[in-house]
Structure formats: C-alpha cells, structure tokens
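Working notes, beginning with the structure itself.
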Amino acid sequence: MQKQKSPFGFAKILLTLVLATIVIGAGIAGSLWAAGVPVEKIAFWKTEPEQVAAITLPMNWKPIQAYTKVRRDDLQDPVTGKINRINVPLSKVAGMSASIVGPDGELVTQPVKMAEKTDAGIILQLQDGTVITQQQLVKLGKAFTQSSDIIGRVVKTDKSPGFAFAETNFFERGTPSGLAGATPAGMRAMTLEAEQLAGVHRISMGEQIDLVANIPLQKLNRFERSTGSRLPGAELVTDTTSGRNQEKETTARLVARQAIVLTPVVKRVSTETSSSLSQGKKLLNVPVEEVVLAVAAEDVAAVTAALELGATVNVLVRSGRLKSDEVSPTVPEGMVAVPIPGQRLLAYQTIRTGSFEDPATAYVRTINVPSQTAETSNWITDLSELVGRVPRHDLPATVPIREEDLMPFGTAPGLSGATPPGRVLFFLEPEGLVGAHAFEFGQHLDLVASRITDDASGGNRGGFTNVTLTKAQRTRVEPIAEDVIVVMPVHSPANPTLNKGMLSKQPAAAKLIIAVHPDQVAQLEYAVAIGAGLRATVRSGITATEEKELSETPTRRVKMRRYDPLSEAKRTDIFIGGSHESQLFGANR
C-alpha cells in the first residue's frame, strides 16, 4: 500500500529554515556588537540618531605645537569640513559659569540658573535673571564657545587634540608666534648646547630654573672682568707657586636667576666638514642637543662668560608647587636681624641689593644678634637704609655695616663725591713716597721732601775754602703739604689707576690718591718733578665732630727748622810760612 505524504511536511521544512536563519543572523549581529560595531551600521532598516540638546565647544583635531598661532585647519575636520566640537548636554550646564560681553565691552561672568532648547535655539537664564542665547555666550566655564576667539591666538604649550580651549592656553592677544613671543619682557632667549648644562635633560617646558657655575679660582678674575663686576675676585686666586691644583678648586657663582625653559632638550642635525688624505673632504651629519632658555638681560653676560671659560654650569629647578600658609621663621624675641654683605663692598661705589646676596644663592644674608649689641655697635639693621648709600672705605664681607662706614646721604659715587670740600685730588706715584703702601682710607698726613744739592763743596762760605760736604750734609728738608687726606690707598681693589689689563703680565702699581689744598698742588708737583724723596708723618685720628671744629678754625703752619751743615763743624787754621789755610772738620771728630 502506498504511503501518503503529510500535508505539514512542507511547513516543517520552511519553519526549520526560518529558525536557522534567525539563529545565524542573531549570532552574527551579536558577534559584531561584541566587536564594537554600532547597531545602526548593521541594521537593514534606517534609524535616526537621537539628538541630545547640548552646547558645543570648539576643539582641535590635530596637535598644535607651542608658540604657534591657531589656524582654521587646526579646528576643521578634513573629512566633514566642519569645525570639531565637544558637546556639553544642557542637563549639565546648570551651575556652570557663563561669560558674556557686558555693556562696557568687558566680559561679565555669572552662574547659569537654567538652560533649555526652544524652537528659536538654546537659551540660558543667568543668576540675575538675564536671558541670553547660545550665540551671545563667549565662555562656558573657562572654555571658549566661539571659534573666532580661538583662531589667530598663540598657544603657550603643545596643545593635544580632543580638548576645548581656555584663556590659560594662550599668550596675551597680539603676541607674535615663535620664540620672540614666548620670551617674557625684559628677558632674552638663549640657545645653549645641552652638554654644557648639568641636569638639563630632566627639565620640562615652562619650568623656572637657576644656573650656578663652578668657576675655577684661576679664572675667577677673568670671569669678574667679563661680567663687568668690580668684585675683588683676584683676592681669591691662589698662589701659582703653591702645590694646590687651581684647575680643580672652584667657587660657586649664580649666573642666572629665574630663567624659564622655552624649549626642552631637542636634537637637530649639524653638518660638519671632514677631510682626510684617502677620502678627501666629505660632509658629516652630527646630531646636536640644544635647549632654549629665557634669561634676564643682565644675566646674559654671566652665562656667556661662564660657558666660555669652560665652567661646569648646574641646573637648579625651582619649586612649582603653590605656596603654603606656613609662616616664615621669625627673629627670636630680643634679637634683631642685621644684614651683612655677601661680598666685599668697594669704596665710593653705590651699594645695591645684590651686594647683600650670596654669590651662589642670591638670597639676602642676615645674622641674628641681640638688639642691645646692634644698638651699641651702631650697626644698621634696615636694608633699605643701606641700598643706595656709598661706602667711605672698602667693607669686608659678612661683617655688619656701621653708619660711620658710609658717606653722608646724597653723596655721589666715585672720586668726585669722595673729595672733601675745598680740596683737589692728586695722584702720587707710590715709589716717590716712603711707606705709600701702608696708608689707609681717611688718614691725615703731612708731607715733607728731601733733596741733595749739587754743590759738594762749601765754597767760600764763612771764609772757609776746600770744604767737602757729605751727602747727608748736602740734604735739604722742606715741608711740602699739610693735612693731606688719603682718599684711595694703593692696595684697594677699587683704585681706578690699578692696571687691570688682561695682556699685562706685570701690572703696574696703582697710584696713591690724596686730597690736598689747591695752593699746595704746585709745590707738590715741583717736588715730584725734581725727584725729591717724599716722606709722610701720620696725624692722630680724630672724630667727625673734632674734624668739623678744626676745619672752622685756621690751622697753623708747621714750622720746620732748616738744617745748617756747618753749624756743628770745627775749624782748624794752618799757617805755613806766609800762607794761611783753614780746614773744616765734623763735630764728632
């Protein structure tokens, strides 16, 4: 008997195919979804993305290098041709600050009370009830909302893509691009080789650093001359005959303070020429590491001089952390902080704030002493009373300064200000004055001159003939100048006549600068011209009050008794026949 076909067979086969298709399709869709493919991309039906009401902020789609201007193509997506933007949902806008242009043209910032989307666009209600549109909004939070406020501005640092722009990302409006715009006012951009700076590889863009150079003692004098300093660096140079290694002995000098890193260490290729007998001349590409620093204009000479002398320059990074509320240590009760110079102060030169800074740290140096001790010693405790004053003589380092060490207020610096009223300066060779190297600032001297007469015989003086005078008997002593004041000793490093030339191996001795009365200049000049030997007698030191009293009273001229070489001589008469002859002998014979 023939088997009949079931009417549901075809339906079962169709149902099986449909179920298999659904299972396979669901598996494929699940795999794609697990791989991160959006559902709308694989859906065969058209879906409309849900539009969330938001305020958009411009952002860059590619990195922007520091010190360059923002261009439109930095913000414009090359695929869509539109400016890239970050969406801030309206639900998160409430409570944020909004900046708009006020009636006076300045930005006015208020918190946002409410934000909503209307048919006319997005509107925002500020804290005071003002209602503005999105087009009136300049900043949301601290980020710009309009691309016109971004394009053309110069960025301070490298700008990564995907972030909005804030005012802190830019220099001031109108700043040019490049290193010229990045260099702060009053500073200079210096490009230095990284191998010359110890520790420069660890610094980043924008950090503040100090540069401290270890200057060899043998080269310290050259460093001071190169920087225009009048510090007595020569006194620190060790004796060349000693067994000490002067090349290894150094002293620290702060050559740059608060320098700014404009560009950290970067590599560039330098082309150099190499020649050999076998290969001839050829060009070599040599990698060079460089760093760009913004240095104060007054520090350029010191940095250049230190590098030219081959000194090791150390990089000291300043703290970038915010200042805490900690109070600086105060002076103990009953004590007072007395400023002391960190370096030797030279006579007749203006005292500056830097004179009290340590040469290696640039911090003002002070010592705490009992208040009674400072008052008894007449030490000046206020730094403002020292700055701008002129020292009366050379002042040593680390020693407090007294009022009597300084010239009166308003005294001009230099030798003109040091010249007492009614006197003139006279430059005297130290070889012509016995003991010239021993005189100090402000000493009062009396000068006398001695010279030997040319006539060695007594002639017919007193009826004597054939009289032979000794050298001592022919010496004449005369007063030359009275109450001479030493203005500049020979040994002072502030002496302007000191030969400080770099080419002279044997520098000439400095001159002794003295203040004399105008009517004594001609007599003193004549004594120097004829080579008369000058000697000085030092007067007793007197106080300023006594000096004023003596200046108001006429001084009496010192009386000098002339020496008569024949006053103590003995005469012997010799009679031979009709002739008569007299012989002169000394009193000690």
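The values are calculated or read from the model by the stated rules, or taken from the named source; none is laboratory data. Everything quoted here is computed from the prediction, not taken from an experiment. In this analysis, Cβ positions are derived from the backbone assuming ideal geometry, glycine residues included, and neighbour counts consider all displayed protein chains.
Would you mind stating whether residue 373 is at negative phi and surrounded by 14 or more Cβ atoms within 10 Å (Cβ to Cβ)? Taking the combined requirement at face value, the residue does not satisfy it. Checked against (1) closer than 30 Å to residue 210 by Cβ; (2) of a type in the set (Val, Ile, Thr); (3) surrounded by fewer than 13 Cβ atoms within 10 Å (Cβ to Cβ), residue 367 passes all but a single condition, namely (3).
Scanning the range 331-353 for residues that are crowded, with 16+ Cβ neighbours inside 10 Å and modelled with pLDDT under 85 gives 342, 343.
Each row is one residue, and each column tells you yes or no for (1) farther than 17 Å from residue 68 by Cβ; (2) surrounded by fewer than 15 Cβ atoms within 10 Å (Cβ to Cβ); (3) at pLDDT below 90.
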position: 135; (1), (2), (3): yes, yes, yes
position: 138; (1), (2), (3): yes, no, no
position: 143; (1), (2), (3): yes, no, no
position: 154; (1), (2), (3): no, no, no
position: 169; (1), (2), (3): no, no, no
position: 175; (1), (2), (3): no, no, no
position: 210; (1), (2), (3): yes, no, no
position: 223; (1), (2), (3): yes, no, yes
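Out of everything in the range 515-547 that is at pLDDT below 85 and among the aliphatic types (A, V, I, L, M), what residue ends up being nearest to residue 447 (Cα to Cα)? Filtering the range 515-547 for residues that are at pLDDT below 85 and among the aliphatic types (A, V, I, L, M), the one nearest to residue 447 (Cα to Cα) comes out as 532. A residue that is farther than 25 Å from residue 523 by Cα, over 24 Å from the mean Cα position of the chain (by Cα) and crowded, with 17+ Cβ neighbours inside 10 Å occurs nowhere in the range 417-425. For the range 277-292, the criterion of being in contact with a Lys or Arg (Cβ under 9 Å, 6 or more places away or on another chain), modelled with pLDDT of 85 or more, charged (D, E, K, R) and surrounded by 10 or more Cβ atoms within 10 Å (Cβ to Cβ) is satisfied by at least one residue.
Just wondering, is there one or more residues in the range 255-264 that are basic (Lys, Arg), in contact with a strand residue (DSSP E or B) (Cβ under 6 Å, 6 or more places away or on another chain) and within 26 Å of residue 190 (Cα to Cα)? Looking through the range 255-264, at least one residue is basic (Lys, Arg), in contact with a strand residue (DSSP E or B) (Cβ under 6 Å, 6 or more places away or on another chain) and within 26 Å of residue 190 (Cα to Cα).
Checking each residue in the range 75-116 for being surrounded by 11 or more Cβ atoms within 10 Å (Cβ to Cβ), closer than 16 Å to residue 145 by Cα and among the charged types (D, E, K, R) picks out 85, 92. For the range 78-91, the criterion of being assigned to a loop (DSSP other than H, G, I, E, B), over 49 Å from the mean Cα position of the chain (by Cα) and small (Gly, Ala, Ser) is met by at least one residue. Each residue in the range 78-117 was checked for being in contact with a Pro (Cβ under 9 Å, 6 or more places away or on another chain) and among the basic types (Lys, Arg), and 1 of them qualify.
Going by what's in this entry, would residue 188 be described as in contact with a helix residue (DSSP H, G or I) (Cβ under 7 Å, 6 or more places away or on another chain) and basic (Lys, Arg)? Against the criterion (in contact with a helix residue (DSSP H, G or I) (Cβ under 7 Å, 6 or more places away or on another chain) and basic (Lys, Arg)), residue 188 qualifies.
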